[in-house]
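K.L.:
Pasting in a structure now, in structure tokens, and then I'll have a few things to ask.
The values are calculated or read from the model by the stated rules, or taken from the named source; none is laboratory data. Quick caveat, the model's predicted, so the values are computed rather than measured. Neighbour counts are summed over all protein chains in view; Cβ atoms, including those assigned to glycine, are modelled from backbone coordinates with ideal geometry. Only protein heavy atoms, including side chains, enter the accessible area calculation; ligands, DNA and RNA are left aside. Shrake-Rupley method; radii C 1.70, N 1.55, O 1.52, S 1.80 Å.
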Amino acid sequence: EKIRKEPMKKIARNEAEPGQNSPVCKTIEYSFGDTELDLGIATITGRFPDHGYAMNEVCRELVYVLEGEGCLYQGNKKVPFAKGDAILILPQEKYYYESNHCVIAMTCHPAWSKDQHKMIEE
């Protein structure tokens, strides 16, 4: 387990790692090298994932809506969201987003990793 113990650290926007989970989900990763906590920003402009569901097997994911609105779906449950809302997604919860345009900040505990993030076909 690696928990950062160095003094305060800043990652400037131009130092963050851009990515893309799909054509409608662009991301920016702010990695501090800490296995317990992370920060990501996602811009969603459609359905993500484009079919089925996403699921974190281990991470609790706290989402804060910076801009826009949309819905988060968990099975048959529809959770509308808008700027200023926060949503907690627990491990093993299947979900997908629908939004014409939203920007969300996400932090996970433990830190998000690709190996524990699954796409579920349904």
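K.L.:
Below 8 Å, C-alpha to C-alpha, sequence gap of six or more: please give me the relative contact order for the chain in percent.
P.N.:
Numbers: 294 pairs, mean separation 37.2, N = 122.
Value for the chain: 30 percent.
K.L.:
How large is ³J(HN,Hα) for each residue in the range 86-103, as worked out from phi by the Karplus curve 6.51 cos²θ - 1.76 cosθ + 1.60 (θ = phi - 60°), to whole Hz, x for Gly and Pro?
P.N.:
10, 9, 9, 10, 8, x, 6, 8, 7, 8, 8, 9, 9, 7, 6, 6, 8, 10
K.L.:
Can you spot the lysines whose alpha carbon is less than 19 Å from Lys94's alpha carbon? Ignore those fewer than 8 places along the same chain.
P.N.:
Lys77, Lys78, Lys114, Lys118
K.L.:
A further question follows. Pick from Lys77, Lys26, Lys94: which residue has the top mean-square fluctuation in a GNM of the chain where Cα pairs under 10 Å get a spring?
P.N.:
Lys77
K.L.:
Which percent of the accessible heavy-atom area of the chain goes to carbon and sulfur, probe 1.4 angstrom?
P.N.:
Carbon-and-sulfur percentage of accessible area, whole number: 53.
K.L.:
Along the Cα-to-C-beta direction of Arg13, a point sits 7 Å from the Cα; which residues of the range 83-122 have their amide N less than 15 Å from that point?
P.N.:
103-105
K.L.:
Now a separate question. Could you state, as a whole-number percent, how many of the C-alpha pairs of the chain are farther apart than 25 Å?
P.N.:
20 percent
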